[in-house]
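In what follows, a structure is listed as structure tokens, so that the remarks can point back to it.
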Amino acid sequence: MPNIRAAAKRVRADRKRRLKNLAVRSELKTAHRKFAEALQKGEADAAKQILQLLVKKLDQAAQKKVIPRNTASRKKSRLARQLAKRIKS
């Protein structure tokens, strides 16, 4: 435990921020799982809607600096390619 008050406050703030970031990451994983399941079942329309939601969540997470901007961009690109490939075949 820190001896200095400001350090103790940092610990509290970091804990709060970590929990919030964990929640956002969990939402991203859940949305990604739903997208993968929809693709696996061959439900292109459902996958397209889930992808729109997932892209929005990725953008929000990047904006809040939960994940890096380039990571969000890379994931969006890969997911869109997966969907396009599934629709094409």
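Tabulated results
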| item | result |
| --- | --- |
| Segments classed as helices (runs of 4 or more DSSP H), wholly inside the chain, with at least 1 members that are among the aromatic types (Phe, Trp, Tyr) and within 13 Å of the chain's Cα centre (by Cα) | 5-41 |
| Options Lys65, Lys34; residue that is surrounded by 11 or more Cβ atoms within 10 Å (Cβ to Cβ) and either touching a helix residue (DSSP H, G or I) at 6+ places or on another chain (Cβ under 7 Å) or at pLDDT 95 or above (or both) | Lys34 |
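The values are calculated or read from the model by the stated rules, or taken from the named source; none is laboratory data. Not measured: the values here are computed from a predicted model. No Cβ is skipped: glycine too gets one built from the backbone with ideal geometry, and neighbour counts run over all protein chains shown.
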